[in-house]
Amino acid sequence: MLSVDDLARDERFERIRIEDLIFDPRTTDRKGAGGFQPKDPDAPDGARQLMHGIFVGEIQALEGAGRTCYDFEVGTAKEEVPFELKLDMARQCWDEARHCEISIKLGEHMGTYIGEYAEQVLLFEAACNADPVLRLTGVNRALEGLAIDVFNTMREYGSGTDDPVLYFCEDWMLADEVTHVKMGSDWLRRITANDPERQKQALDFQRTVDKLFSFGGFRGEDDDSPIHLARQFRNLAGFTDDEIKDLVDVAAEAMAEAQAMAEMAKANIENS
């Protein structure tokens, strides 16, 4: 397994701990925030920050799919994967590399640059499990599922701000992400067709990762969540209605926990 410390980055990239991001009171206090709306005066700054987050997320998605190609031998044992799965992951790497290039250009289009915002590496760290089936759910259903929600949100933002460049690019990348998640959904069911216990274990792992990827309520169906769950596109990608409902509940749990932690941190500061 590759450590996050070994991910290739140059001097433009700065790291931030995910805990500092999630439990920052400025992030978790969302009352009256209004979500990620074009009419919000802070929306352009938020959009630039989110675009930078998309860029580094696409790098980590590329690394996750690439490691799946590299880490596992071809075969039928539990620690092996079908050759056709590797081909799908190789195709995904091609897509993610293109997404990185598009996101860099979109960042420039929106007025930001590589390194203006810090990178957290939770996406790679949480999704890349040593078990190939858990890796599949972590990368292709959790990480790429998050990408569906984020790209759809940015696509709608592009529409709301009359930015055809942003809208078109996000729409194009969104189509890729639906394909990536669908590949993960299909392969999960194929590999575990005769092993319901392993499938349950994989879905339980995905639930854990999805909770992390809700970033304390940053993603959810609450009006104040900047990123909204893209139900229609998740259905197209192989998510059942029950799985989407469970994801909504997971996001709500993540938001409640983050708000409680932020209140504790605020109280500790006031009492110190």
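Each reported figure results from applying straightforward, stated rules to the coordinates on display, with no laboratory input. Just so you know, these numbers come straight off a predicted model, no measurement behind them. As a convention, Cβ positions derive from the backbone with ideal geometry for all residues, glycine included, and neighbour counts pool all protein chains shown.
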Handout entry: Linear extension gain, Gln201 paired with Asp242, 0.36 nm per residue minus alpha-carbon span
Key = 13.1 nm
Exercise for the section: Order the peptides 113-122, 202-211 from the highest to the lowest mean number of other Cβ atoms within 10 Å of their residues. Expected result: 202-211, 113-122
Handout entry: Cβ-Cβ FRET estimate between Ala130 and Trp94, R0 fixed at 22 Å, reported to 0.05
Key = 0.35
Fill in the blank from the handout: Relative to the chain, whose Cα atoms define the longest principal axis, helix 196-213 and its Cα axis are tilted in degrees, nearest 10, by 20
Completion exercise
Ordered by fewest other Cβ atoms within 10 Å, a rough proxy for footprinting exposure, His228, His52 read His228, His52
Exercise for the section: Distance check, please: which entries in Lys39/Lys182; Lys182/Lys245; Lys86/Lys200; Lys200/Lys245 exceed 27 angstrom between their Cα atoms? Expected result: Lys39/Lys182
Problem - Where a label projected 7 Å from the Cα of Phe168 along Cα→Cβ would reach, residues of the range 46-87 with amide N under 16 Å - result: none
Exercise for the section: Sum -39500 (n - 2.57) across every DSSP H segment of at least 4 residues in the chain, then divide by the residue count to get the 222 nm mean residue ellipticity, nearest 500. Expected result: -21500 deg cm²/dmol
Problem - Cα gyration tensor shape for the range 168-229, rounded if a/c is under 1.5, else prolate or oblate - result: oblate
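Compute the FRET efficiency between Val4 and Lys39 as 1/(1 + (r/R0)^6), taking r as their Cβ-Cβ distance and R0 = 41 Å, and round to the nearest 0.05. Mind showing how you got there, number by number?
Details: r = 38 Å, r/R0 = 0.92.
It comes out at approximately 0.65.
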Practice task
With only alpha-carbon atoms counted, please give the Rg and Dmax of the range 70-121, in Å.
Solution key: 16.7, 49
Exercise for the section: Divide, for the range 220-272, the radius of gyration over alpha carbons by 2.2 N^0.38 Å, where N is the residue count. Expected result: 1.55
